[in-house]
Amino acid sequence: MTKPVSFFRGLMAAAVLISGSVSAAGAGIEMESAQVDLGNKGSLQRGAALYMNYCASCHSLGYQRYSRMAEDLGLTDEQVTKYLMPEGAKFGEAMNTGLDPVQATAWLGKAPPDLSLIARRKAEGADWVYNYLKSFYVDESRPMGWNNTVFPNASMPHVLWELQGSQHPLTEAKPEGGHCPKGEVNGQCLTGFSIPEHKKGSLSAEEYDQVARDITAFLAYVGEPSAAKRESIGVWAVLFLALFTLLAYFLNKEYWRDIH
Ligand code: HEC
């Protein structure tokens with residue numbers, strides 16, 4: 001009679017499978033891993049500050065409240081109210097932009113979408129956002145003067161250009177009927193980016209990567225406010241199941257010992 005044991009073993013295998021990270025395969029171009037860490041409060045706090053400074057004027061986070069952000073990110077009400085919230089916003093309110101969508105469309109050609117779920121909606125998840133923030137390049141043919149190899153012809157300008165600098169694409173001929181693993185620029189394959197000396201940003205490449213990673217981490221958190229909590233609960237759940245399986249095994253043995 002080993003039924004209960006194999007049942008619990010199955011349950012545990014399932015728990016391990018579920019808790020393992022599922023990495024979605026990107027169909028288009030190679031994505032660099034964002035390496036976000038939702039357990040890193042410092043990264044999430046910096047991401048929140050960067051988001052409020054550089055993104056919140058255009059984008060809404062309709063499913064996220066300032067109060068919830070304060071609680072989850074370990075910030076005080078005062079820190080959020082004083083340093084992060086725009087004037088006139090209320091602490092219990094959703095993090096919406098004050099931008100009028102009609103005006104935005106007239107100005108940018110498109111209304112900036114709500115970003116609450118952006119890190120979950122794309123097949124590549126948070127990595128997409130990270131790579132997008134790193135892939136703006138100068139393109140005078142675009143209305144805003146910017147283009148993006150991850151999101152070609154995006155109508156969003158490169159709002160972080162003062163930090164990153166102005167990138168120019170490096171390309172090589174596209175192979176006949178071939179695919180460009182890093183993306184395309186004017187029918188050519190992208191090989192990388194260069195930043196001319198006089199167009200350098202205020203940050204080094206590594207520092208800018210960290211900025212992009214922090215913003216991405218913040219948006220990944222917003223997409224799943226309880227993800228950080230759930231990850232740590234997941235570890236305990238697996239440990240608990242392992243312990244429980246062991247217990248069930250010995251109980252089962254003990255129970256049948258006298259009967260055999
Ligand atoms: C000047 C306004 C403006 C600012 C500021 C801005 N964006 Fe955007 N953003 C847009 C617009 C407009 C689009 C839509 C682009 C399109 O669809 O062509 C967009 C699109 C996006 C998308 C893709 C959304 C999708 O559904 O595909 C992401 C991700 C994004 N923005 C992130 C950011 C982040 C992060 C920041 C801050 C660092 C930021 N944006 C700042 C205007 C803005």
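The values are calculated or read from the model by the stated rules, or taken from the named source; none is laboratory data. Just so we're clear, the structure is a prediction, and the values are computed from it rather than from any experiment. Cβ sites come from the backbone with ideal geometry, for glycine too, and all protein chains shown count toward neighbours. The area values use the complete protein model at the heavy-atom level, side chains included, leaving out ligands, DNA and RNA. Shrake-Rupley method; radii C 1.70, N 1.55, O 1.52, S 1.80 Å.
Looking at ALA94, LEU163, ASN186, which one has the Cα that reaches farthest to the positive end of the dipole of region 31-225 (charges on Cβ: Lys, Arg +1; Asp, Glu -1)?
Of the candidates, ALA94 comes out farthest on the positive side.
Apply the Karplus parameterisation 6.51 cos²θ - 1.76 cosθ + 1.60, with θ equal to phi minus 60°, to every residue of region 200-217 and state each ³J(HN,Hα) to the nearest whole Hz, in sequence, with x for glycine and proline.
Per residue, the Karplus-derived 3J(HN,Hα) values read 5, x, 7, 10, 6, 4, 5, 5, 5, 4, 5, 4, 4, 5, 5, 5, 4, 4 Hz.
With the chain treated as a Gaussian network of Cα nodes joined by springs under 10 Å, which of VAL36, VAL129, VAL238 yields the largest mean-square fluctuation?
Of VAL36, VAL129, VAL238, the most mobile in the Gaussian network model is VAL238.
With a 1.4 Å probe and every protein chain left in place, work out the accessible area per residue of the chain in Å², rounded to a whole number.
60 Å²
Relative contact order, percent, of region 31-225 when contacts are C-alpha pairs under 8 Å separated by at least 6 residues?
Computed value for region 31-225: 28 percent relative contact order.
About the Cα centre, and with charges only on the beta carbon of Lys, Arg (+1) and Asp, Glu (-1), how big is the dipole of the chain? Nearest 20 debye, please.
With Lys and Arg at +1 and Asp and Glu at -1, about 800 debye.
Cross-link partners among aspartates and glutamates for LYS174, C-alpha distance below 17 Å, same-chain residues fewer than 8 apart left out?
GLU30, GLU184
Would you tell me the accessible area of SER155, worked out with a 1.4 angstrom probe on the heavy atoms of the protein chains, in Å² to the nearest 10?
SER155 has an accessible surface of roughly 30 Å² with all protein chains in place.
What ³J(HN,Hα) values, in whole Hz, does the Karplus curve 6.51 cos²θ - 1.76 cosθ + 1.60 give for region 98-104 when θ = phi - 60°, with x put for Gly and Pro?
After applying 6.51 cos²θ - 1.76 cosθ + 1.60, I find x, 5, 7, x, 5, 5, 4 Hz.
With a ≥ b ≥ c the root eigenvalues of the C-alpha gyration tensor of region 87-130, is it rounded (a/c under 1.5), prolate (a/b larger than b/c) or oblate?
It is oblate, given that a/c is not under 1.5 and a/b is not larger than b/c.
Could you check how much of the accessible area of region 31-225 is carbon and sulfur, as a whole percent, using a 1.4 Å probe?
51 percent
For region 155-260, run through the chymotrypsin sites (Phe, Trp or Tyr not before Pro) and keep only the ones in DSSP coil with at most 11 other Cβ atoms within 10 Å of their Cβ.
Of the chymotrypsin sites (Phe, Trp or Tyr not before Pro), not one in the loops of region 155-260 has a Cβ with at most 11 other Cβ atoms within 10 Å.
Given H placed 1.01 Å from N in the peptide plane, which residues other than close sequence neighbours of LEU170 have an amide H under 5 Å from its amide H?
THR191, GLY192, PHE193, SER194
How about the chain: what cysteines have no other cysteine beta carbon under 4.7 Å from their own?
Among the cysteines of the chain, those whose Cβ sits 4.7 Å or more from every other are CYS55, CYS58.
Between GLU176, GLU32, GLU224, which gets the highest mean-square fluctuation from a Gaussian network model of the chain, Cα cutoff 10 Å?
GLU176
Return the long-range amide H neighbours of GLU184 (sequence gap of 5 or more, or a different chain), with a cut-off of under 5 Å between placed amide H atoms.
It is LEU190, by chain and number.
Springs between alpha-carbon pairs under 10 angstrom, Gaussian network model over the chain: which of LEU75, LEU44, LEU247 fluctuates most?
Maximum fluctuation in the GNM of the chain, among the listed residues, is at LEU247.
Ranking request for peptides 97-105, 46-54: highest mean number of other beta-carbon atoms within 10 Å first, then the rest in descending order.
My ranking of the peptides, most packed first, is 46-54, 97-105.
Considering only Cα-Cα distances, which of the following residue pairs are longer than 21 Å: LYS82/LYS134; LYS134/LYS199; LYS134/LYS200; LYS122/LYS182?
Distance filter (> 21 Å) returns LYS82/LYS134.
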